[in-house]
Structures are given as structure tokens and as C-alpha cells.
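S.K.: Once you've had a glance at the structure underneath, I'll fire off some questions.
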Amino acid sequence: MRPQRISQLPIALGLGILFLVVGCSANDGEGATESSAPPATSQSSSPVQESPSPASSATASASSSTSATSASLTLFYVAVGDAGKAGPEIGCGDSLVATETGPKEFTNQVEASITALLANDAQELGSSGLRNALAASDLEYVSSMVDGDVVTVRLNGAVSSSGTCDDPRIVEQLKYTAMTAAGTGQAEILVEGEKIEETLSSK
């Protein structure tokens, strides 16, 4: 009896199909892995410019608040013998009268107002009939400071008065001009470190 030969063809076909299936699965896995990786991004050679943040803009706005302002200045002169009709009554029945300059540019309104007042060496303000009691004095502005409702103005130089009635005119011209500029209710004027009232009383 002859032994039967087992044909190897079906076995070979089966192995071939198995290898084909395994190979396709492996290729699919590799393709999925490669596609999940993000594409490389090329870097630009030019630096990226950042836009200013809101904080830096606020800082710039805050720093610009110290820039010069343009406005009229209020200076006070005396209406002799007016008895308080045109303004606050002072001294020997006189009145203080507020006047305005044209637009001036300044960063410190007290300094600008006092400097403008002291720069006028005319005894009368044009044809207004108002008197300038500071005309004969040689004073210059040094500094000013506001503490609460009081503005203190420091001056250097010499103050000159023509008499008892002129003393309050000088003092009040300076004080009212400083108070208006500073927005305070009181003012103290120092000449060479001494209160102006004491300086005048010693003359």
C-alpha cells in the first residue's frame, strides 16, 4: 500500500496569506504613528515684536501728566479806597481785585502766578486804576509747597513798602495770588526764610 503524499500547496498559500495580513497591519500602524506627529515649523529669522501691554500704556499716560499746561493766570491788584466793593476788603479800606493774564504755559501754577506778579514793576496796572504795591520790591520766587489747605511760598530778595497802608497791600497781593493758584484757603509768604509780616514790621 503506497503512502499518501500530503500536498504542501495549501500550507504555503495559508502562510502567504498570514504574512500578507500581518504585513498590512504593521504598515497601517506605522502610518498612523507617522501621521500623528506634528509637522516641523520653520522659525523666522526676524524677531517677533510684541505690542505694548495695557500696563505699559497706563504708565506712559501717568508719566505724561507732568507735561506743561496752558491756561490764564489770576493775579491780584489793589483798588485803593474801594472799601471792598470790587473784591475782598484789606488794610486801609482798599479792595483786592482779581485780574487775568492771557494764556501762559506752565508746569507749576503757583510758581507761574507769583513769578508773573513779581515781574510787573509798574505801579499801576495799565489804565485800570488798580495799584501794584509790589512795584518797588525786588523779590524772586524760590519754591512753594501745599500742606492741607495752606500753601507756603518762599521768596528771596528785598521787600519795599511806602507805609503802613502799603504793608497789607503787599502781603495780600501775594497771598491771594498764591491761594488762587494752589486752590487753598490760606497762604504763608516767607522772604529769606522769615514771614513777610515780620519782615515788614521790622522796617
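Taken together, the values in this text are just the output of simple stated rules run on the coordinates, not laboratory data. Since the model is a prediction, treat every value here as computed from it, not as a measurement. Note that each Cβ is placed from the backbone with ideal geometry, even for glycine, and that neighbours are counted across all protein chains shown.
S.K.: Label 7 Å along Cα→Cβ of T164; the stretch 184-203 residues with amide nitrogen under 14 Å?
M.R.: So the set is 201.
S.K.: Using the Cβ atoms and a cut-off under 13 Å, what net charge is assigned to the surroundings of A158, where Lys and Arg are +1 and Asp and Glu are -1?
M.R.: -3
S.K.: Assuming a ≥ b ≥ c are the square roots of the Cα gyration tensor eigenvalues, decide whether the stretch 111-173 counts as rounded (a/c under 1.5), prolate (otherwise, with a/b larger than b/c) or oblate.
M.R.: prolate
S.K.: What is the packing order of peptides 170-179, 149-158, taking the mean over residues of other C-beta atoms within 10 Å and listing the highest first?
M.R.: The most tightly packed comes first, giving 170-179, 149-158.
S.K.: Another one. Mind checking the full-extension length gain between E89 and A122? Use 0.36 nm per residue of separation minus the Cα-Cα distance, one decimal, nm.
M.R.: 9.6 nm
S.K.: How much length, in nm to one decimal, is gained on full extension between N156 and T115, taken as 0.36 nm per residue of separation minus their Cα-Cα distance?
M.R.: 13.6 nm is the gain from fully extending N156 to T115.
S.K.: Same structure, new question: Out of every Cα pair in the stretch 160-203, what percent are spaced more than 15 Å from each other?
M.R.: That fraction is 41 percent.
S.K.: Let me ask something additional. Tell me, D121, D167 in order of fewest to most beta-carbon neighbours within 10 Å?
M.R.: D121, D167
S.K.: Looking at the P(r) of the stretch 77-203, how many percent of alpha-carbon pairs lie beyond 24 Å?
M.R.: 21
S.K.: Okay, moving on. If you take every DSSP beta bridge whose two residues both sit in the stretch 79-203, what share of them, in percent to the nearest 5, is antiparallel?
M.R.: Bridges in the stretch 79-203 that DSSP calls antiparallel: roughly 70 percent.
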